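The values are calculated or read from the model by the stated rules, or taken from the named source; none is laboratory data. Note that this is a predicted model, so its numbers are computed, not measured. Note that each Cβ is placed from the backbone with ideal geometry, even for glycine, and that neighbours are counted across all protein chains shown.
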Amino acid sequence: MVKPRKPRPATTTWLSFVRNHLDCSWAIDFFTVNTLGFQVLYVFLVFDHARREVLHFAVTPSPTMEWVIQQLREATPFGCQPGYLFRDNDGIYGHGMRAFLISCSILEVRTAYRSPWQNPYVERFIGTLRRELLDHVIVPPGNGELISVPVVGGIHHRYYRAAA
């Protein structure tokens, strides 16, 4: 095997980069929730790496680039913003997302395709949320009052949506 004439300079690994910038980085991601009426809802998360907490979330049946940008505006009030924003290559973000982040002086860090390990904290949170909550609860969307009927002496409940 032939050695290259000019060896590449040593760079930091991805994990080192993430760990070195925990204090000034956030992550965003989408996940879906199926409802009782077989409707798909998209949940948008803004996650703080340093504190490992959800800063903002929103739910919509049809996300658009403008909607995502508005959610980011709501997540960054009064100049409270990250230095780096980790995101995947989802088509929902569109080209306007990059322009918005540049105007806010936020550096965009896009993860590689099919590499959820590059955005570990938000992916772990979504996985835990699915396993611990969403796999056990059916989300009933709609209008009207939600009525709870106790079953088996109040140990379990059945939920009905009252007619509007």
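Only one entry of ARG161, ARG110, ARG124 meets the criterion of being more than 19 Å from the chain's Cα centre (by Cα), surrounded by 13 or more Cβ atoms within 10 Å (Cβ to Cβ) and within 23 Å of VAL43 (Cβ to Cβ), and that entry is ARG161.
Taking THR32 as meeting all but one of (1) without any contact (Cβ under 8 Å) to a residue 12 or more places away in the chain; (2) surrounded by 11 or more Cβ atoms within 10 Å (Cβ to Cβ); (3) of a type outside the set (A, V, I, L, M, F, W, C); (4) closer than 25 Å to HIS136 by Cβ, write down the number of the exception. It is condition (2) that THR32 fails.
Scanning segment 36-58 for residues that are of a type in the set (Gly, Ala, Ser) and under 10 Å from the mean Cα position of the chain (by Cα) returns a single hit, ALA58. Among the conditions (1) part of a strand (DSSP E or B); (2) over 23 Å from ASP90 (Cβ atoms), GLY37 misses just one, which is (1).
Taking the criterion of being closer than 22 Å to THR32 by Cβ and of a type in the set (Lys, Arg), the only residue of segment 66-102 that qualifies is ARG87.
The residue that is modelled with the highest pLDDT, counting only those in segment 68-107 that are surrounded by 14 or more Cβ atoms within 10 Å (Cβ to Cβ) and polar (S, T, N, Q), is GLN71. Based on what the data block shows, is VAL68 within 15 Å of the chain's Cα centre (by Cα) and under 24 Å from ILE138 (Cα atoms)? When the stated conditions are applied, VAL68 does not pass them. Per the listing VAL46, VAL109, VAL59, the residue uniquely of a type in the set (A, V, I, L, M, F, W, C), in a strand (DSSP E or B) and more than 20 Å from LEU134 (Cα to Cα) is VAL109.
Looking at segment 62-77, can you tell me whether even one residue there is part of a strand (DSSP E or B) and acidic (Asp, Glu)? No, segment 62-77 has no match at all. Looking only at segment 1-31, residues that are in contact with a His (Cβ under 8 Å, 6 or more places away or on another chain), of a type in the set (Val, Ile, Thr) and in a strand (DSSP E or B) come to 0 in all.
When GLY144 is tested against (1) surrounded by 14 or more Cβ atoms within 10 Å (Cβ to Cβ); (2) part of a loop (DSSP other than H, G, I, E, B), only condition (1) is not met.
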